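The values are calculated or read from the model by the stated rules, or taken from the named source; none is laboratory data. No experiment lies behind these values; they were computed from the predicted model shown. Neighbour counts are summed over all protein chains in view; Cβ atoms, including those assigned to glycine, are modelled from backbone coordinates with ideal geometry.
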Amino acid sequence: MKFTITRFISEQWNPVPEVVQTSLEGKTVIVTGANNGIGFEAAKHFARMNPGRLIMACRSQQRGEEAVSNLKRETGYSNVELWMLDLASFASVQTFSERFNKEGGRLDILVENAGILPEKTFKLTDDGWEPVFQVNNLSTSLLALLLLPRLVETAQKYQTTPRLVIVSSEMHFVTTIDEAVLENDNPLAMFGSSEQYIQGALKTRYEDSKLLNVFFARALNEKIRHQALIINSVTPGYCYSSLRKNFSGLRAWVDWLMEKALARTAEEGSRQLIWAAVGGADDEEALRGAYISLAQIREPSDYVVERKDVQDKLWENLLDELIKIDASIQDIREEHFKQSAEA
């Protein structure tokens, strides 16, 4: 499917379907980036479905505590926990996953919502990666894979079908991966840490990261298709968001006008995350690897559909890079993805 301004405006003006409801009694839900905006609104919707356990993963202790307090007050739900998670730090991702795996218990829904926009100038995180790529892609993928065994275990033990939801964006339609990157011996190292490359690609950094989210969801789904586990990606649409609070000058003015004319509320955007996490129960198989918009399965960009070679190459490259970060990814690769290759 191709992106057009007309279609974008039309979809933004379309009525947003009401939030889907179901019982989450006894189930465990994790939402990353849960202290504000779409993540917070999604957490509130989950809370009203009364899960056995709701974990709000946040970077800031203070903002996280405020969010937990607000959620309890607004929903009356009390089984909510605040866990620290900073996706700009691989150590934080590892600590989070180690804690969850050590505590045991089930994991039914993991919504990976946290993300950032690029800054104006080039910089690297302490781990040596460009921040948008690390937060939106590397750490998001690392957390998903480190918690994958628990999702699979939950499916087998409780005879249920857990879901992993990756929050992407319709902006993935407007970009592609530079062929120079794909021709590199280590494409993601060039894409994610090369100053020479990144300096010229900052303007499309967010869009590129959302494209990679779609590729990741489709690739991971393909690798675990023998398991009772659904992985999808979803766009909340263009919403009012604190992500853009640092915009200035003409960019801020244009964004203000766009918000007034087109933006959904954060609550309306969060309904898409909820549908991806619990909706479509009448045909769950169709949700595997799907891209979701306005509570419907939609075709992703033509580039995603036509360039499975890119998806496969980046998947293998991603695993190689994540193994350097956490050796346990190699065990997960052999245990879960080898089975898929043999199936």
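For the reader, a short list of remarks on this structure follows.
- In the stretch 93-128, of all residues being farther than 22 Å from Asn232 by Cα and among the β-branched types (Val, Ile, Thr), the one that is surrounded by the fewest Cβ atoms within 10 Å (Cβ to Cβ) corresponds to Thr121.
- Summed over the stretch 258-292, the residues that are assigned to a helix (DSSP H, G or I), surrounded by 15 or more Cβ atoms within 10 Å (Cβ to Cβ) and without any contact (Cβ under 8 Å) to a residue 24 or more places away in the chain give a count of 1.
The rows are residues; the columns are (1) over 16 Å from the mean Cα position of the chain (by Cα); (2) assigned to a loop (DSSP other than H, G, I, E, B); (3) surrounded by 23 or more Cβ atoms within 10 Å (Cβ to Cβ); (4) among the acidic types (Asp, Glu).
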| site | (1), (2), (3), (4) |
| --- | --- |
| Ser23 | yes, yes, no, no |
| Gly26 | yes, yes, no, no |
| Val31 | no, no, yes, no |
| Ile38 | no, no, yes, no |
| Met49 | yes, yes, no, no |
| Arg63 | yes, no, no, no |
| Glu66 | yes, no, no, yes |
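- Just one of the numbered conditions (1) more than 19 Å from Gly128 (Cβ to Cβ); (2) more than 20 Å from the chain's Cα centre (by Cα); (3) modelled with pLDDT of 95 or more; (4) assigned to a loop (DSSP other than H, G, I, E, B) is not true of His226: (3).
- Residue within the stretch 235-246 that is within 30 Å of Pro187 (Cα to Cα) and modelled with pLDDT of 95 or more present: yes
- One residue stands out in the stretch 101-135 among those that are assigned to a helix (DSSP H, G or I) and under 18 Å from Tyr197 (Cα atoms): the one that is farthest from the chain's Cα centre (by Cα), namely Pro131.
- Leu117 falls short on exactly one of the conditions (1) out of contact with any Ser or Thr (no Cβ under 8 Å at 6 or more places or on another chain); (2) closer than 23 Å to Pro187 by Cβ; (3) without any contact (Cβ under 8 Å) to a residue 60 or more places away in the chain; (4) not β-branched (Val, Ile, Thr), and that condition is (3).
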